[in-house]
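The values are calculated or read from the model by the stated rules, or taken from the named source; none is laboratory data. Just so it is clear, the model here is predicted, and its values are computed rather than measured. Every residue, glycine among them, receives a Cβ derived from its backbone with ideal geometry; neighbour counts consider all protein chains shown. Areas reflect the complete protein model, heavy atoms only, side chains present, ligands, DNA and RNA absent. Shrake-Rupley method; radii C 1.70, N 1.55, O 1.52, S 1.80 Å.
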Amino acid sequence: MTTQLPADIIPNQTDPANTASNGPAVLDESTIGTYTSERTLTRPRASAPQDYDLVILSSFGGPEGQDDVIPFLRNVTAGRGIPDERLEEVATHYRANGGVSPINEQNRALLAALRQAMAEKGPDIEITWANRNWEPYVNDVVQQAYDEGKRKILVLATSAYPGYSSCRQYREDYGIALEKLGLDGKLQIDKVRQFWDTPGFIQPFIDGLVEGLTDVRAQLAAAQQAAAGNGKIRIMFCTHSVPTNAANEAGPRGVDYEGGSAYVEKHLEAARAVLTGVQAVDPALLDEVDWELVYQSRSGPPSMPWLEPDVNDALEALDGKVDGIVLVPLGFVSDHMEVKWDLDTEALDTCKRLGFAATRTPTPGTHPAYVEGLRQLIAERVASTAPAQDADGVQAARQSVCGGNGWFDACNPDCCKSQRPGSEKPVIADYQG
């Protein structure tokens, strides 16, 4: 089975060499005939709704002060043997902001917004918060929930895309917690699907890109001298880089992905959905505009290949070729440290040095459409608010602005699984069909 060529409303300038290896670098007439899409998988994606008694908003976590920075980074890099001296190099990003990661306050704001939305529209379920790398820790929150009599929990992770760190690792967090706490078989924990393709996730980026393109055009109109003098603008959709082997492992096995990885493919799908939304608002905003997917925030030894190009390298490659840049943090749901430092500091500094008119658009944060979209994702899993009481009915009611069927409520056993020896870990939301 094959899939249709994706709609590409304006040229995608992504370097074809910027790929993992699971599938074609680019979908075109030469590759489409042999391409087997993830969309051709016929197994159920949606689950029948249930009576959950707690929702956990689950995130990465971050330090709350200078004394927390190194302990936090030790948590993040646990098991890798990285000395504190190297951690201190990364710590400078946090120390420049008082040792406080903005992610915690943003999650508190999102939690408050979700509580209000659920109080107004349902479902009538308690919602709390847990982190992987800082307080409140997953294990502590799970134990407290069990002690309070909770028996069915639904986890909403603050990440939109398929991939190990963005999906499977959250499933492992809770699988490990159940095993460590001795609650396996006593407490059911499920997970909300990845949501890169939902209207609520895409709309804030549409709104932001409309404003961003307008802003850059205004900067160019007011500028005495342009970088290239050709009026061209490049949109850079930015996301977190990952090792190429991890990119290869993203998503179910046995199918192909545009760009070589489910992680890459879903970002490309989201980018096109954002551009389609901008075109619907004002087609003229996309005149003399092209776009690419770029990466940021890589770590690890230089010998390990990661997804490229880095955003700053991509900017350097545009020297003398465009006048304006719009940085769209498509891979991020809030303005945490990697957005504030890698884009607002380093990338915008590069733009300034190269003479580009530039801006960085907002992340979803607590945008009303995003909050409502998350509420709907929770509501479709809960019996009292679901659009149907069977899995097929829930699936039929899903909305995708990327033209697919939505992600899986329970993932294939090998989905996003690391192939490294010793990486076998307990997980939740594992498909048993």
Among Leu209, Leu156, Leu220, the residue with the largest mean-square fluctuation in a Gaussian network model of the chain built from Cα contacts under 10 Å is Leu220
Whichever lysines have a C-alpha closer than 19 Å to that of Lys321, once near sequence neighbours (fewer than 8 apart) are set aside: Lys232, Lys352
Residue with peak Gaussian network fluctuation, the chain [Cα springs, cutoff 10 Å], from Ser299, Ser37, Ser423: Ser423
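Longest span of the chain, sites excluded, free of GluC sites (Glu not before Pro) in DSSP loop with at most 15 other C-beta atoms within 10 Å?
That would be 149-287.
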Could you state how much accessible area His367 has, in square angstrom rounded to the nearest 10, with a 1.4 Å probe and all protein chains kept in place? 50
C-alpha center-to-center spacing [segment 360-398, segment 114-150] in angstrom: 17
Whole-number percent relative contact order across segment 25-184, with pairs defined as alpha carbons under 8 Å at least 6 apart: 33
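Averaging sequence separations of C-alpha pairs under 8 Å and six or more residues apart, then dividing by the length of the chain, give the relative contact order as a whole percent.
Working: 829 pairs, mean separation 117.9, N = 433.
Taking the mean separation of contacting Cα pairs over the length of the chain, I get 27 percent.
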For segment 286-433, with only Lys/Arg (+1) and Asp/Glu (-1) charged at the beta-carbon, what is the dipole magnitude about the Cα centre, in debye rounded to 20? 480
Residues meeting the amide H criterion for Asn131 (H placed from the backbone, H to H distance under 5 Å, 5 or more places apart or on another chain) are Ser59, Tyr137, Val138
Accessible-area order (highest first, 1.4 angstrom probe) of the listed residues Thr42, Thr276, Thr239: Thr42, Thr276, Thr239
With n ≥ 4 as the cut-off for DSSP H runs, can you work out [θ] at 222 nm for the chain, using -39500 (n - 2.57) per run divided by the number of residues, rounded to the nearest 500? -10500 deg cm²/dmol
Rank these by accessible area, largest first, 1.4 Å probe: Asp173, Asp323, Asp51. Asp51, Asp173, Asp323
Quick one: if you stick a label point 7 Å off each Cα along the C-beta vector at Arg43 and Tyr431, how many nm between them? 0.4
Starting from the amide H of Ile56, placed 1.01 Å from N in the peptide plane, find each other amide H under 5 Å away whose residue is 5 or more places distant or on another chain. Thr128, Leu154, Val155, Leu156
Residues of type aspartates and glutamates that Lys425 reaches as a straight line, Cα spacing below 20 Å, ignoring anything fewer than 8 places off in the same chain: Asp140, Glu172, Asp173, Glu179, Asp184, Asp190, Glu249, Asp409, Asp414
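Scanning the chain for helices, which whole DSSP H stretches are 30 Å or more long along the axis (Cα) and average -0.5 or more by Kyte-Doolittle?
Membrane-span-like by this criterion, though nothing is claimed about a membrane: 199-222.
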Highest GNM mean-square fluctuation, the chain, Cα pairs closer than 10 Å: which of Lys266, Lys321, Lys417? Lys321
